[in-house]
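Please read the structure below before turning to the comments.
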Amino acid sequence: MESVVWQGLALSGIFSWIVITCYFDVTKKIRSLLQPWVSHHVVSGTSIILKIQKHQHKFLDALFSGLSCIVSVPFYTAFLPLLFWSGHGKLARQMTLLMALCDYLGNCIKDVVSAPRPNCPPVRRITATKDEEENALEYGLPSSHTLNTVCLSGFLVCYVLSYTQSEDAFVKLGAVTLACLLVGFIGFGRIYLGMHSLIDILGGLVFGFMILAIWLSVHEYVDAFIVSGQNVTSFWAALSFLLLFAYPTPEFPTPSFEYHTAFDGVVFGIVTGIQQTYHQFHHEAVPRIFTSQLTIPTFLGRMLVGIPTILIVKFCSKALAKWILPVVSNTLGIPIKSTSYVPMLNGSATDKKSSEIKQSSYIHKMLFFSQQDLFDVDTGIRFLQYAGLAWSVVDLVPSLFSHLRL
């Protein structure tokens, strides 16, 4: 009964926050206070970036571009399935949830403040990958790479030290030192690459440590709820839906909301799958890599089976969502558009509001529905696509491993 009560209170609190922020236009008020101050520091910090970039070198370009790739959201998204299949399910699901929290809160702050990145030129901006080019379209404060690195490396250090039960002060000091060095390199690298100013990096550090502190105090409760709680799937479905509407409207559209939608779907798929199959595939006694029960050849076999399977599920989930959601929307009389996934819904009738509809006043659409408002069906398609992919990682693929004795 207590579980149901706090679930209701949590969802009611988020819904109330959505109504309050819409009615009082909280996002614009906060932006009017913070944006000028942050923008001033971005402009004044340009000289620091130019001094650092005077020492440019091809090796440094490659080094910091590579480091940015290995701490990016796409890298972790590719790495986390392997962590699940290696037998470290608890670490994998907690890192997934933490990354989702970092991604959501970090992007919310970006779009609330809507502060620019350093001007290019005079700053030289290096975008070695398509992911970096898309990152450059987002707002600056805080640096997502810095924030994510603080949270994920900090949590990983705490988890490893707890898992190994090491009491050696030198081991603890070494682990913390390595994490700090990684954070330092990432922060410096983002400035060197011209992606962020100093104020963005400091913001990433501050918010990163705040989120990490909160997560370390609640992660065990959250994990216990996911593996053995009541109404987990229904609660998380409602939470995911509300979080889409709670996302702030930026000054101008950016890819940040799309990233959140994808990871929101990932978390929903993971939570749903874990809730259904915890005692079969994800309990603490499952075989772990580098043991006689899960050897390297067996793990490689898991990768050969698992990776193609989740890619097929992702494709099928997207295809089904593209077919089902427009039909359901039309049946319910909900006017929709599509910016990319369904070409037939991207017609002249929707040209007026093109790129702004996706991130314009979601709460207005939900509470004060009118025929002039159009929902972007791509949001739902993206959510279901990644939810299906994540579900396959923790449910379908482990079932295949069991049948194939991997």
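The values are calculated or read from the model by the stated rules, or taken from the named source; none is laboratory data. Since this is a predicted model, take the numbers as computed values, not measurements. These accessible areas exclude ligands, DNA and RNA; they are computed on the full protein's heavy atoms, side chains included. Shrake-Rupley method; radii C 1.70, N 1.55, O 1.52, S 1.80 Å.
Odds and ends about this structure:
- Working note: Karplus 6.51/-1.76/1.60 with θ = phi - 60° gives the range 328-337 the couplings 4, 4, 5, 5, 7, x, 8, x, 10, 9 Hz, where Gly and Pro are set to x.
- Binning the C-alpha pair distances of the range 303-345 at 5 Å intervals from 0 yields a P(r) profile of 5, 20, 22, 18, 12, 10, 8, 4, 2 %, listed from the shortest bin outward.
- Reachable aspartates and glutamates, given that their alpha-carbon falls under 12 Å from the alpha-carbon of K90 and they are not under 8 places away in the same chain: E220, D223, E284
- Rounded if a/c under 1.5, otherwise prolate or oblate - the range 24-92, Cα gyration tensor axes: oblate
- Computed over protein heavy atoms with a 1.4 angstrom probe, the accessible surface ordering of D223, D25, largest first, is D25, D223.
- Kirkwood hydrodynamic radius (C-alpha pairs) into Stokes-Einstein, the chain, 10 °C and 1.306 mPa s, D in µm²/s: 70
- Legend: residues S402, S240, sorted from most to least accessible area (1.4 Å probe; ligands, DNA and RNA excluded), read S402, S240.
- Per residue, the solvent-accessible area of the range 231-328 (1.4 Å probe, heavy atoms of protein chains only, all protein chains present) comes to 48 Å².
- Percent carbon-and-sulfur accessible area, the chain, ignoring ligands, DNA and RNA, probe 1.4 Å: 70
- Cα gyration tensor shape for the range 227-335, rounded if a/c is under 1.5, else prolate or oblate: prolate
- Surface calculation, 1.4 Å probe, protein heavy atoms: F241 sits at approximately 100 Å² accessible.
- For the range 13-83, the solvent-accessible area with a 1.4 angstrom probe is 62 square angstrom per residue.
- The candidates E133, E258, E2, arranged from most to least accessible area with a 1.4 Å probe in the full protein assembly, appear as E2, E133, E258.
- Rounded accessible area per residue of the range 99-156, 1.4 Å, Å²: 31
- Exposure of C180 as accessible area (Å², to 10), given a probe of 1.4 Å and all protein chains: 80
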